[in-house]
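Engineer: Encoded as structure tokens, here's the structure I'll be asking about.
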Amino acid sequence: MKSDEDLSRVMESYADMVRRICFVHLKNRQDTEDIFQNVYLKYLLYEKAFASCEHEKAWFARVTINACKDQMRYFSRRKWVPLDAAEVEGESKESASSEVLETVLKLPEKYRNVIYLYYYEEYSAVEIAKILGRKENTIYTWLMRAKELLRKKLGGEWA
């Protein structure tokens, strides 16, 4: 089992990334917090050593994505949100950046993953391919298709 210092270090390094990945997939703060705790519990119980910081970061990304997929499969994703939560989340969304985020969240899962990892976590397509267990060309294709979908939905140019 890992030490308190290890846990503090990885929480400081990866907590934001884990929460963002969860929220991109689950679109729900409560489920995000549940998965967040599960990911760090898995880390505490993980006994192997990481080869590098990049390997450790990729492990956190992969475990988080898998945990989110499991959560969505398990609960078969309920289609309702309490009115209180909808009002609070609606108030926190702002202008153009929230429109982009909403559009990204509506993308199919494979496109959501590559857009998030590429633009928000700044992984290269080669690194994303390793994380997701796909071929590099598949990642390039998904990025191209995702950007095209975003262009159509948002209008105009999108990097």
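Engineer: Collect the residues in region 126-159 that are touching a helix residue (DSSP H, G or I) at 6+ places or on another chain (Cβ under 8 Å), of a type in the set (Gly, Ala, Ser) and under 21 Å from Leu101 (Cα atoms), keeping them in residue-number order.
Structural biologist: Across region 126-159, the qualifying residues are Ala146, Ala159.
Engineer: In addition: Which ranges mark the helices (runs of 4 or more DSSP H) fully within region 1-79 that have 1 or more residues being touching a residue at least 24 places away in the same chain (Cβ under 8 Å), under 19 Å from Tyr120 (Cα atoms) and touching a Phe, Trp or Tyr at 6+ places or on another chain (Cβ under 6 Å)? Walk me through it before giving the result.
Structural biologist: Working: elements: 4-26, 29-45, 53-75.
Correct list: 4-26, 53-75.
Engineer: Residue under question is Met17, and the condition is that it be farther than 17 Å from Arg62 by Cβ, surrounded by 14 or more Cβ atoms within 10 Å (Cβ to Cβ) and at pLDDT 90 or above; does it hold?
Structural biologist: When the stated conditions are applied, Met17 does not pass them.
Engineer: For Glu121, are the conditions met, namely being under 26 Å from Tyr43 (Cβ atoms), out of contact with any Lys or Arg (no Cβ under 6 Å at 6 or more places or on another chain), at pLDDT 80 or above and open to solvent by 30 Å² or more (accessible area, probe 1.4 Å)? Outline the logic, then answer.
Structural biologist: Numbers: under 26 Å from Tyr43 (Cβ atoms): yes; out of contact with any Lys or Arg (no Cβ under 6 Å at 6 or more places or on another chain): yes; at pLDDT 80 or above: yes; open to solvent by 30 Å² or more (accessible area, probe 1.4 Å): no.
Against the criterion (under 26 Å from Tyr43 (Cβ atoms), out of contact with any Lys or Arg (no Cβ under 6 Å at 6 or more places or on another chain), at pLDDT 80 or above and open to solvent by 30 Å² or more (accessible area, probe 1.4 Å)), Glu121 does not qualify.
Engineer: If Glu127 satisfies every condition in (1) closer than 15 Å to His25 by Cα; (2) open to solvent by 30 Å² or more (accessible area, probe 1.4 Å); (3) touching a residue at least 40 places away in the same chain (Cβ under 8 Å) but one, which is the exception?
Structural biologist: Evaluating Glu127 over (1) closer than 15 Å to His25 by Cα; (2) open to solvent by 30 Å² or more (accessible area, probe 1.4 Å); (3) touching a residue at least 40 places away in the same chain (Cβ under 8 Å) leaves (1) as the failure.
Engineer: Within region 55-73, does at least one residue satisfy the condition of being farther than 19 Å from Asp16 by Cβ and small (Gly, Ala, Ser)?
Structural biologist: No; the residues of region 55-73 include none that is farther than 19 Å from Asp16 by Cβ and small (Gly, Ala, Ser).
The values are calculated or read from the model by the stated rules, or taken from the named source; none is laboratory data. Please read all numbers here as calculations on a predicted model, not as lab measurements. Cβ coordinates were reconstructed from backbone atoms using ideal geometry, including for glycine residues, and neighbour counts include every protein chain displayed. Surface areas here come from the heavy atoms of the whole protein model, side chains and all, with no ligands, DNA or RNA. Shrake-Rupley method; radii C 1.70, N 1.55, O 1.52, S 1.80 Å.
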